[in-house]
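All of the numbers you see were taken from the coordinates with simple rules; none came from a lab. Note that the coordinates shown come from a computational prediction; the quantities given were computed from them, not determined experimentally. Glycine also receives a Cβ, built like all others from the backbone with ideal geometry; neighbour counts cover every protein chain displayed.
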């Protein structure tokens, strides 16, 4: 996934430990957690730049997802706001589901002078920002849908390239740590995106603020230019049949990869079901007395506090112990408990407690599960594609969540049934992690 000889050195999940992962060790140093980088790993400046770029992508996604799209749907379709929001986010998620693995596979095969991944970071962030700016002028649900699809196309191109850089360059002994810092950037991105959307006041200003931040956050990573080139002679096969065949999940050939995909899918379906109607949950079930936008921001901030308290330490402990599954299973059980609290304790106090508990579980899950996923990737030369296939397990739940959630809320028990379902999905995802055999 890096250039020529480095791609070979990156190895598969079981090979990379002692062989070096690119030229990002040595002088980057800095911080106790990164001392291992001097022996062939990665250093603090590169991880900081990668995390900042990742943060920008999450701001671009979650400013709209947490508040702006819901408010725009409410403004443009007040009598059918829930179904309008479901339509926009569902179609956008479908675009994301296709875009992420396709752009990941294209970045695997990119032979640009700037490197494999950086061109897609630049182009993806630019396209995502253009989509956000288009949303500032959207006057119909159709226009909102088109703009959000452009955001998903662009930011997924950038995200695919950024995540593929981890197995490209980071040895297994550091992946929990790096996954933890990416988790920090994800959480801060969600919080900051929500804050920008809420503080902007107007919907258009919120979109513009998210677009500007996403662009600026990518600049240090691009300028660092730590992206090795791929020579045309080393370029993977690019025939249409082989290209399309690579997106198939083969449970018999790669069972650990298949189980990792399924467990990630279940956990993300639980999360999508839980968060899609959070704004409406506060207004319709909790009967929150204040401004619901502020309520969402408060819950997001409290959740972020406990995520930040656990995300890096969870990854570090997993790296040091050499164990992944126990941490993923335990964190999944905590996530399930948090969603059940939302089901049975529908008060503002209950929502606060559930947000704090959810953050504890989600922090550990974010870092350790990402490290686990990078340990079970099938091939060394297709990190971008394979992580893109894994990211279908992130996007597909967003497509299915409105299909599942809307009838549950409307006809099958309301928010109590919705959050009980979310808890059951998280529980199933936790239990099935045990089926992964190649990771401790």
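Observations, loosely collected:
- Mean Cα-pair separation over length for the range 42-435, i.e. relative contact order, pairs under 8 Å, 6 or more apart, %: 27
- Cβ-based exposure ranking for 411, 254, in which fewest neighbours within 10 Å come first: 411, 254
- Volume in Å³ per residue [convex hull over Cα atoms, computed for the range 77-219]: 117
- By the beta-carbon count within 10 Å of each Cβ, the least crowded to most crowded order of 184, 431, 144, fewest first, is 431, 184, 144.
- Eigen-decomposition of the gyration tensor built on the alpha-carbon atoms of the range 262-305 gives equivalent ellipsoid semi-axes of 24, 13, 6 angstrom, largest listed first.
- Residues listed by number, the range 170-191, amide nitrogen under 20 Å from residue 301 label point at 7 Å toward C-beta: 184-191
- Sorting 412, 132, 266, 308 from the fewest to the most surrounding beta carbons within 10 angstrom yields 412, 308, 266, 132.
- Directionally averaged shadow of the range 42-435, computed from the convex hull of its alpha-carbon atoms, nm²: 17.7
- Sorting the segments 61-73, 391-403 by their mean number of nearby beta carbons within 10 angstrom, highest to lowest, gives 61-73, 391-403.
- Length gained when the stretch residue 434-residue 113 is fully extended (0.36 nm per residue, less Cα-Cα span): 111.3 nm
- Spin-label proximity, residue 417 to the range 284-301 - amide N less than 19 Å from point 7 Å beyond Cα toward beta carbon: 284-286
- Based on Cα contacts under 8 Å between residues 6+ apart, the range 260-399 shows a relative contact order of 37 percent.
- The distance from the alpha carbon centre of the range 350-381 to that of the range 62-116 is 21 Å, rounded to a whole number.
- Measuring how big the range 290-336 is from its alpha-carbon positions, Rg and Dmax come out at 14.4, 47 Å.
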